Amino acid sequence: MTEEVQDVAISIQGLTRDFGNFTAVSDISLDLPRGEIIGFLGPNGAGKSTTMKMVAGLIKPSEGKVFFRKNGELVELNRSNRDAIFRDVGFLIENPDFYSHMTPRQILTYFAELKGYPRKEIKKRVEDVVKLVDMDEWLDKKIKTFSKGMRQKIGLVSALVHDPSILILDEPQTGLDPKARKEVREILMKLKSMGKTIFLSSHLLYEVSEISDKIAIINHGQLVAFDTVEKLEAKMKKSLLQIELREQPENIDEMIETISKIIKPIVGELNGKDIVHYNYNLKVFEVLFDGNTENKHKILDTMMAKGLKISEFSVPRTNLLESLYIGLMENGS
Ligand SMILES: Nc1ncnc2c1ncn2[C@@H]1O[C@H](COP(=O)(O)OP(=O)(O)O)[C@@H](O)[C@H]1O
Ligand SMILES: [Mg+2]
């Protein structure tokens, strides 16, 4: 076994899911490192939940495989080993819909039993995990009296009550107020410090960028980036150059190709995604580059040499990662 394999908690290999003629998830491959938080970021409808449901064995992939780490080896998930593998995995997929007349103690005890947590220890475990989310006073209160944030925290706790080392959480912060979101973020950090691997989806960049070690960006079912936050930002150093033209040029495609050729050696491939984008309506080129002044001049010189009439250019001072995310989304659409 290679060292690399030892460090992988989940290996997603070529996952694809079609719904009729529509491909919701297309050939996604990701190795999730152990003990890290991996943010799974993409706009609504990008394919996050569908991917996570395939990882959870809830829907069948059209193609591809999922491997989980078990006893030091990566084992392909299948029907017969699913229960055994999932004893060490916790899921929160979409909005948890609990029986509202039940209490957290009843629900969590049920989940712990279901996942085979040692019976004698369940009572204490349930009390401990509820403390973890600061809800011990609510342990025996009916869920129907809970706020959305409280329900979500109980949902989170139900995913981890059996103490799994891997957590797969689909938008655990969505729909929560800022205070509850912050609480969830702190709980996730605490879980990471306990050594858990967390695969965490969100459609909001800031929900994952602060706590994730790595971020996978998905759009239209395709993976458009997968790297550490630092590397994604480093690639984007000062990043976005916006060049407004006076006239609509004729040879846009050729121009995009020429600029791309100059830029690619500088910023590298972004998983094959275009780093030059042209907005026809605004007559604006958007070029992702490394922020180097010399390279900025190179880009502008090339455009002028090609006869483009530039009316204005700027490097907007937006959040680096934000502009990367937006850039990737626009290029993918
Ligand atoms: N059961 C289904 N049947 C048909 N289309 C679906 C089904 N589930 C999801 N989709 C479609 O697949 C795409 C991805 O959905 P989803 O994975 O829920 O995205 P996300 O979680 O990123 O918002 C969407 O266009 C959605 O409408
Ligand atoms: Mg979703």
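What follows is calculated from the coordinates using simple rules that are stated; it is not laboratory data. This one's a predicted model, so the numbers in the text were calculated from it and none came from an experiment. Glycine gets a Cβ as well: all are built from the backbone with ideal geometry, and neighbour counts include every protein chain shown.
For each of 31, 136, count neighbouring Cβ atoms within 10 Å of the residue's Cβ, then give the residues from fewest to most.
Working: 31 18, 136 14.
Least to most surrounded, the residues fall as 136, 31.
Please report, for the Cα atoms of region 60-217, the Rg to one decimal and the Dmax as a whole number; what are they, in angstrom?
15.8, 46
Going through the cross-link list 144/196; 60/179; 65/196, which pairs have a Cα-Cα distance over 26 Å in this structure? Write out the running numbers ahead of the final one.
Values: 144/196 30 Å; 60/179 37 Å; 65/196 22 Å.
Check vs 26 Å cut-off fails for 144/196; 60/179.
Determine the calculated [θ] at 222 nm for the chain from helices alone, applying -39500 (n - 2.57) to every DSSP H run no shorter than 4 residues and normalising by the residue count; nearest 500 deg cm²/dmol. Mind showing how you got there, number by number?
On the way: 12 runs with 122 residues, N = 333.
So the helix-based figure for the chain works out to -11000 deg cm²/dmol.
Relative to the compact globular guide of 2.2 N^0.38 Å, what is the alpha carbon radius of gyration of region 86-140, as a ratio?
Numbers: Rg = 11.4 Å, N = 55, 2.2 N^0.38 = 10.1 Å.
Region 86-140 yields a ratio of 1.13.
Could you compute Rg(Cα) / (2.2 N^0.38 Å) for region 1-114, with N its residue count?
Numbers: Rg = 15.8 Å, N = 114, 2.2 N^0.38 = 13.3 Å.
In units of the globular-protein estimate, region 1-114 measures up at 1.18.
P(r) for the chain: what percent of alpha-carbon pairs falls in each 20 Å bin, starting at zero?
29, 49, 19, 3
Angle, helix 122-132 long axis vs. longest principal axis of the chain, Cα atoms, 0 to 90°, nearest 10?
40 degrees
Can you put 293, 16, 51 in order, fewest other beta carbons within 10 Å first? Walk me through the intermediate numbers first.
Working: 293 9, 16 17, 51 32.
In increasing order of surrounding Cβ atoms, one gets 293, 16, 51.
Using alpha carbons only, how many degrees (0 to 90, rounded to 10) separate the axis of helix 104-114 from the longest principal axis of the chain?
Around 90 degrees separate the two axes.
Sort 304, 54, 329 by Cβ crowding within 10 Å, fewest neighbours at the top. Let's see the in-between values first.
Working: 304 11, 54 25, 329 17.
The fewest-first ordering by Cβ neighbours comes to 304, 329, 54.
Working from Cα positions, state the angle (0 to 90°, nearest 10) between the long axis of helix 320-332 and the longest principal axis of the chain.
On a 0 to 90 degree scale, this one is about 80.
Tell me, what HN-Hα J-couplings in whole Hz come from the Karplus equation 6.51 cos²θ - 1.76 cosθ + 1.60 at θ = phi - 60° for each residue of region 8-13, using x for Gly and Pro?
Taking θ as phi minus 60°, the curve returns 9, 8, 9, 10, 9, 10 Hz for region 8-13.
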